[in-house]
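Have a look at the structure below, then the notes.
The values are calculated or read from the model by the stated rules, or taken from the named source; none is laboratory data. None of these values were measured; they are calculated from a predicted model. Every residue, glycine among them, receives a Cβ derived from its backbone with ideal geometry; neighbour counts consider all protein chains shown. SASA here: full protein model, heavy atoms, side chains in, ligands and nucleic acids out. Shrake-Rupley method; radii C 1.70, N 1.55, O 1.52, S 1.80 Å.
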Amino acid sequence: MLYHADFHIEYPASMSQKDFFSIWAREAEAALGAKKAGVVIDIWKCVGSRRVLAVVNVDSPDTLDQILFDLPIMKEHGQHVQVDVTPLRRFEDFAIDVKKRLE
């Protein structure tokens, strides 16, 4: 099942940018490994903000929840990360459904 994950990542004023980037570097390595493994379909960093968008392919919401909890950025910085998740439906399947409803 496909999901859109929208990460909003903040950091406290007491944390240096270098420390923040250190966490983000570990997260980037994990994310690119998941992309190589096919779990992450694609991932983008939004320009000018601490926001990352990903489309992931996992078998269940439970699996996605477990993956999210195990991300380096969540383990090390989770109190400053908001993730909004949206289940996705293939547009082709939706189009077929709409066409059948018109018959």
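Taking the structure as given and computing mean projected area of the Cα convex hull in nm², which label from (1) 7.9; (2) 9.7; (3) 8.4 fits?
So the calculated entry is the one marked (1).
With all protein chains present, calculate the accessible area of Ser14 using a 1.4 Å probe and round the result to the nearest 10 Å².
About 110 Å², rounded to the nearest 10.
In the neighborhood of Val52, defined by Cβ-to-Cβ distances under 10 Å, what is the net charge if each Lys or Arg adds +1 and each Asp or Glu adds -1?
So the surrounding residues net to +1.
In region 2-64, what percent of the accessible surface is made up of carbon and sulfur (1.4 Å probe, ligands and nucleic acids excluded)?
Carbon and sulfur: 59 percent of the exposed surface of region 2-64.
For Glu29, project a label point 7 Å along Cα to C-beta. Then give me every residue of region 49-88 with its amide nitrogen under 20 Å of that point.
67-78
For n ≥ 4 DSSP H runs only, could you compute -39500 (n - 2.57) per run for the chain, divide by its residues and tell me the 222 nm figure to the nearest 500?
Calculated from helices alone, the mean residue ellipticity at 222 nm is -15000 deg cm²/dmol.
Give me the distance between the Cα centres of region 1-39 and region 76-103, rounded to whole Å.
Answer, in whole Å: 22.
Taking Lys75 as the anchor, which aspartates and glutamates have their alpha carbon closer than 19 Å to its alpha carbon, excluding any fewer than eight residues away along the same chain?
The reachable aspartates and glutamates, counting only those whose Cα sits under 19 Å from Lys75, are Asp6, Glu10, Asp19, Glu27, Glu29, Asp62, Asp65, Asp84.
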